[in-house]
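The values are calculated or read from the model by the stated rules, or taken from the named source; none is laboratory data. On a predicted model such as this, the values are computed, not experimentally measured, just so you know. Note that each Cβ is placed from the backbone with ideal geometry, even for glycine, and that neighbours are counted across all protein chains shown. Surface areas here come from the heavy atoms of the whole protein model, side chains and all, with no ligands, DNA or RNA. Shrake-Rupley method; radii C 1.70, N 1.55, O 1.52, S 1.80 Å.
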Amino acid sequence: LLSEDSQWVAATRSRLMASRDRFNDAPLWEADKNIRFRGKSALGVQQLIALIASPAWTDVAPEERNYWDPIDIYSEAGRPDLARRMLESWQRDLPHTFEDPRWRSYIDAAEGALALAEGKPALAAQKYRAAIHFPDGNEAGYIGLNLLGLGRAYDAAGQVDSAEAVYRRFLELPPVKRHAGSAEGNGLALVRKRLGEMMEARGDTAGAIAQ
């Protein structure tokens, strides 16, 4: 847990950001770390629920809220119910973004994370594939994150060969694309671990160790 001084600093920063109509996302990433890396999912979910109910979220304009991140984090925590509630809130607060092709990649990725959390890997793979490009065919941002999601969706569906191909595609990305959205920090170790497991399962012990 944060110390009292750290809590005061975080609360003060949130108030200042809200006064400027900007969302302070520092508490969101603290919750994400608890869920994704520290094995404290219940705490992370509690922190995220508190954040969404606080002025740090409610007092800023909907256009300043990154709805897709809580959807992804709730999904990672195994709480698709809360993720879906956030998706519905996004659609209610900013309906025009669901018709705007510039937002399509973010929406597809969020829906992919939600589908994976709901145990629908085929739908998740469909959404993550769509998220890699904008409707006009141009590559969307955060390709690293979308490849990680796509690989996990294939993995969950038992399509190991497809998952391996996507994970290797992730490793081949230029560093700037792997770093965008903290994709490398979130997934590099997990990708190498999973590739090692796949190679070991094929009897390629040397290749598994090299990962």
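List of remarks:
- 3J(HN,Hα) couplings calculated from phi for the range 64-69 with the Karplus curve 6.51 cos²θ - 1.76 cosθ + 1.60 (θ = phi - 60°) are, in sequence order, 8, 8, 8, 3, 5, 5 Hz; Gly and Pro show x.
- Comparing Pro175, Pro80, Pro121 in a Gaussian network model of the chain, where Cα atoms under 10 Å apart are tied by springs, the biggest mean-square fluctuation is seen for Pro175.
- Computed log10 I(q)/I(0) for the range 78-202 at 0.13, 0.16, 0.21 Å⁻¹: -0.53, -0.79, -1.24, from the Debye equation with unit scatterers placed on every C-alpha and solvent omitted.
- The aspartates and glutamates within cross-link reach of Lys120, meaning a Cα-to-Cα straight distance under 18 Å and a gap of 8 or more places when in the same chain, are Asp72, Glu76, Asp81, Asp108, Glu111, Asp155.
- Principal-axis analysis of the Cα atoms of the chain puts helix 80-93 at an angle of about 60° to the longest axis.
- Per-residue SASA remark: Phe170, around 0 Å² accessible (1.4 Å probe; ligands, DNA and RNA not included).
- Using alpha-carbon coordinates, inclination of helix 41-53 to the longest axis of the chain, degrees: 40 degrees
- Per-selection metrics, the range 36-109 (Cα): Rg and Dmax in Å: 12.7, 37
- The apolar share of the surface of the chain, taken as the fraction of accessible area on carbon and sulfur atoms (1.4 Å probe, ligands and nucleic acids excluded), comes to 52 percent.
- Diffusion coefficient, µm² s⁻¹, Stokes-Einstein with Kirkwood Rh over alpha-carbon pairs of the range 31-70 at 37 °C and 0.692 mPa s: 306 µm²/s
- Relative packing of peptides 65-72, 138-145 - highest average C-beta neighbours within 10 Å first: 65-72, 138-145
- At 1.002 mPa s and 20 °C, Stokes D of the range 101-153 from Kirkwood alpha-carbon radius, µm² per second: 207 µm²/s
- Ratio Rg/Rh, restricted to the chain and using Cα atoms, in which Rh is the Kirkwood radius: 1.00
- Euclidean distance of C-alpha centroids, the range 171-205 and the range 95-109, integer Å: 28 Å
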